[in-house]
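Right, one structure below, let's go through it.
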Amino acid sequence: MRKVAVIGVGLHRYGKWDGISSHELAHTAINRALESAGIEWSQVQSGWCGHTGQGPTAGARLFYKLGRTGLSITNVENASASGSYAFRGAYSDVGSGEFDIALALGIDKRNSPFSTIKLTNGKKNSATKDNNKIKKAKKGSPIIKHFAQVTSAHMRKFGTTIDQLAMVSVKNHHNGALNPYAHFQEEITIEDVHNAQMISKPLTTLHCCPTGDGAAAAILASENVVKRMGITNPVWVSASVSMSETNLSFNSNEITAVAASEAYKRAGIEPTDLGLVELHDAFTIEEIYVAEQLGLCPEGEGGKLVEEGATAINGRIPINTSGGLLAMGHPLGPTGIGQIAEIYWQMKGEAGKRQIPVPPKHALAQMVGLGGTCIIHIFSR
């Protein structure tokens with residue numbers, strides 16, 4: 001594989017955007033990514049579109065509005081990890097040598113004619129108000145019940161406390177309040193988390209992420225393009241690892257651990273080399289056990305990691321400086337690329353008020369998708 005770098009990213013803020021079309025969401029993200037990269041649409045040779053509910057030919061319909069340039073177009077659907085897999089496809093296109101510049105788009109909108117996304121929160125982009133207006137259907141969700149059971153099991157086995165779980169939500173809402181692209185942009189307290197509506201004990205609504213609308217785009221380029229454009233301090237993709245469950249009774253935890261081990265090997269780094277992690281935290285317990293599976297702390301000590309402040313923006317290993325799925329939001333298709341955008345900004349020193357004091361040299365993005373898939377990307381500068 002050739003060396004591949006991310007040279008530009010762009011987002012449309014996540015949230016509930018009933019008056020904005022899928023085209024507007026997508027084109028906002030793409031145009032911002034093009035501007036960030038300093039290139040024109042006509043220079044993009046390959047376009048990947050990750051989504052869960054935009055229907056057949058979504059990529060063509062969205063890309064053609066920007067101009068029919070003859071680019072290669074591929075659509076990806078892989079549940080929560082759809083955007084991450086679109087990014088992997090663009091990375092493979094450039095790394096293989098077939099194309100020099102590729103675009104990865106993540107897009108989803110709840111009221112698209114094809115959409116299966118159901119908004120679980122209220123009308124405003126407010127953490128406390130939205131999460132306390134969760135629909136009754138959500139209460140009976142098998143996913144909610146599953147993660148409530150996972151949470152209770154982790155608490156029993158390792159002594160993880162409800163306060164530690166709440167601290168994950170508080171931290172990520174603090175980060176989201178600093179992120180202009182986040183669905184939720186207000187801070188909350190531990191008491192807010194405890195007092196929010198209970199949906200499946202011990203999980204209140206503030207232990208859970210919102211779904212909604214949004215778009216995210218990333219532009220990838222080969223090393224020769226990076227050199228030709230004179231890009232300094234590029235963000236290189238140093239590993240891309242994808243795997244799924246096997247007959248060996250793997251669960252999402254074990255998949256992450258195995259995929260991370262392979263990713264570290266390919267990138268030539270150790271977990272201690274990471275300066276930032278963006279991970280799938282649809283529920284607070286996920287940040288805790290995924291941190292353990294990534295080797296950021298021993299098994300069972302993920303709760304202590306957040307309680308000690310190690311995962312804060314100025315901590316030893318910042319996690320989800322974007323606000324994570326809990327506050328940044330989880331529109332599904334865009335989510336994985338939104339993680340990568342955050343990593344790009346942090347590594348370039350462009351994250352504004354949520355900037356890590358020392359821009360990380362190595363960072364990791366982890367996503368899982370319903371159906372038993374896990375994908376991990378490592379970035380280096």
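What the table shows:
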read-out: Members of the stretch 25-56 that are over 21 Å from the mean Cα position of the chain (by Cα) and either modelled with pLDDT under 95 or not in a loop (DSSP other than H, G, I, E, B) (or both); value: 35, 41, 42, 43, 46, 55, 56
read-out: Condition check for residue 152: surrounded by 24 or more Cβ atoms within 10 Å (Cβ to Cβ), of a type in the set (S, T, N, Q), in the same structural domain as residue 306 (by TED's automatic domain parsing) and at pLDDT 95 or above; value: no
read-out: Residues located in the stretch 271-289, provided they are more than 22 Å from residue 379 (Cα to Cα) and either in a strand (DSSP E or B) or small (Gly, Ala, Ser) (or both); value: 282, 283
read-out: Condition check for residue 77: in contact (Cβ under 8 Å) with a residue 24 or more places away in the chain, surrounded by fewer than 24 Cβ atoms within 10 Å (Cβ to Cβ) and not basic (Lys, Arg); value: yes
read-out: Residue check, residue 179 touching a residue at least 60 places away in the same chain (Cβ under 8 Å) and outside any loop (DSSP other than H, G, I, E, B); value: no
read-out: Verdict on residue 58 being surrounded by 24 or more Cβ atoms within 10 Å (Cβ to Cβ) and either in contact with a Cys (Cβ under 9 Å, 6 or more places away or on another chain) or at positive phi (or both); value: yes
read-out: Subset of the stretch 201-233 [β-branched (Val, Ile, Thr) and in contact with a strand residue (DSSP E or B) (Cβ under 7 Å, 6 or more places away or on another chain)]; value: 204, 205, 219, 225, 226, 231
read-out: Meets criteria (in a strand (DSSP E or B), out of contact with any Leu (no Cβ under 6 Å at 6 or more places or on another chain) and touching a residue at least 12 places away in the same chain (Cβ under 8 Å)) for residue 257; value: no
read-out: Residue satisfying condition, being crowded, with 24+ Cβ neighbours inside 10 Å and over 24 Å from residue 90 (Cα atoms), within set 319, 356, 337, 343; value: 319
read-out: Yes/no for residue 86 being closer than 22 Å to residue 2 by Cβ, among the small types (Gly, Ala, Ser) and either touching a residue at least 24 places away in the same chain (Cβ under 8 Å) or in a helix (DSSP H, G or I) (or both); value: yes
read-out: Neighbours by Cβ (under 7 Å, 6+ apart or cross-chain): first from the stretch 290-317, touching a residue at least 12 places away in the same chain (Cβ under 8 Å) and under 24 Å from residue 355 (Cβ atoms); second buried (at least 18 other Cβ atoms within 10 Å of the Cβ) and among the charged types (D, E, K, R); value: 306/171; 311/171; 312/171; 313/354
read-out: Meets criteria (on the phi < 0 side of the Ramachandran plot and not assigned by TED's automatic domain parsing to the domain that holds residue 21) for residue 218; value: no
read-out: Extreme residue, surrounded by the most Cβ atoms within 10 Å (Cβ to Cβ), among residues of the stretch 155-176 that are part of a helix (DSSP H, G or I) and in contact with a His (Cβ under 9 Å, 6 or more places away or on another chain); value: 169
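Each row is one residue, and each column tells you yes or no for (1) surrounded by fewer than 21 Cβ atoms within 10 Å (Cβ to Cβ); (2) farther than 21 Å from residue 84 by Cα; (3) at pLDDT 95 or above.
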site: 230; (1), (2), (3): yes, yes, yes
site: 236; (1), (2), (3): yes, no, yes
site: 252; (1), (2), (3): yes, no, no
site: 255; (1), (2), (3): no, no, no
site: 265; (1), (2), (3): yes, no, yes
site: 277; (1), (2), (3): no, no, yes
site: 286; (1), (2), (3): no, no, yes
site: 290; (1), (2), (3): no, no, yes
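The values are calculated or read from the model by the stated rules, or taken from the named source; none is laboratory data. Just so you know, these numbers come straight off a predicted model, no measurement behind them. All Cβ positions, even for glycine, are placed from backbone atoms using ideal geometry, and neighbour counts span all protein chains on display.
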